[in-house]
């Protein structure tokens, strides 16, 4: 993905993308392809299927999300992911931490929070 | 195990609290051993230090110890988490790594590792480091995803939802191939000359020969050992993932040995060409692929039946 120094940025990105997935699922459940498409709408968060599915598998194993098969209006059934109660809690904490970090980083990087 | 170095210096732990901590880590290690991975001593030492650090802030009573340990979760869950972490990062420096860019792995082989290299639909790489030895092997899971015959998240855990009798039935395929090999070897033995072709040029002419006995012995070992190991994996009631993987791997090797034997008989019978060998090679890839994809489909269908039958229930764990 990012050319050059990969190790730290990729770890960094992984954490952010994980939070992004939890944020998506906080609002509504979604299936794998949908999650990839929705994240793809944000250039900074776009991930490939090769990244998305291992991440979903890990979130599921750690109990933050659950999955269930549902009939699809078109084509075969799809596996939908949703936040578990534990995941809702974790998402709340992570979102809070993210906001604190974002403000701190904005001021450290000497930028006003211009986007509004 | 003996990991008390220096960590005792912190707070004065009451014997009761120390007993609680030791009891916890004894359970942790039992689980860790059951998970079949090694390299726990560092992890246990780190965790014990962490617990002692936390207890320094308290009166270090047994109740405090229980409370601090409960933050770590049940020892069984913790051991499972560590097992996954260790397997994922492929620790054991020296026994696994890369030499001149080529991956190697000479750790004690496990049916779990073989299965996870052969079938990992989450990994997009078609060539993955071998489970044992030097070089790469095919990840049939990636092949299946790239050819759109399965989706990466079709199954939560590969083959876990496959009915037990189907898991057991997968062993029939390598067994049938082994029997075919044995019957063919036994019936053709007397017709074989003392020296038989063992190596062929690209156009099919034999260019290497070996003695009848050693050639057949080699081929027999090549088919019987993997099948015997697969039988063991099944008899020991390993997880369905390991069992289906072992069936597929032994099927591949048995098919290959059968192909070499057929090619030998074909050449001796005056046949020209290498097509039995090529056909065998193709079968040694296609048959396990079909077996693994079939298993995955059955597992996925079982998951779907669980979720889609009747009322739309919430997903279970």
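The values are calculated or read from the model by the stated rules, or taken from the named source; none is laboratory data. Quantities reported herein were computed from a predicted structural model and do not represent experimental measurements. Backbone-built Cβ (ideal geometry, glycine too); neighbour counts: all protein chains shown.
Per-structure values
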item: So residue B:291, is it under 22 Å from residue B:194 (Cα atoms) and surrounded by 16 or more Cβ atoms within 10 Å (Cβ to Cβ); result: no
item: Selection within segment B:122-143 - within 14 Å of the chain's Cα centre (by Cα), in a loop (DSSP other than H, G, I, E, B) and within 14 Å of chain A (Cβ to nearest Cβ); result: B:139
item: Among the residues listed as B:112, B:84, the single one being at pLDDT 70 or above and either closer than 22 Å to residue B:160 by Cβ or outside the structural domain of residue B:242 (by TED's automatic domain parsing) (or both); result: B:112
item: Residue list for segment B:144-197, restricted to those being touching a residue at least 40 places away in the same chain (Cβ under 8 Å), outside any helix (DSSP H, G or I) and more than 21 Å from the chain's Cα centre (by Cα); result: B:149, B:192, B:193, B:196, B:197
item: Count of segment B:19-35 residues which are within 20 Å of residue B:56 (Cβ to Cβ) and in contact (Cβ under 8 Å) with a residue 24 or more places away in the chain; result: 5
item: Filtered residue count, segment A:59-73, keeping only those that are more than 9 Å from chain B (Cβ to nearest Cβ) and surrounded by fewer than 18 Cβ atoms within 10 Å (Cβ to Cβ); result: 2
item: Sole residue being under 22 Å from residue B:108 (Cβ atoms) and surrounded by fewer than 15 Cβ atoms within 10 Å (Cβ to Cβ), chosen from B:227, B:244, B:221; result: B:221
item: Sole exception among (1) touching a residue at least 12 places away in the same chain (Cβ under 8 Å); (2) surrounded by 20 or more Cβ atoms within 10 Å (Cβ to Cβ) for residue A:51, by number; result: (2)
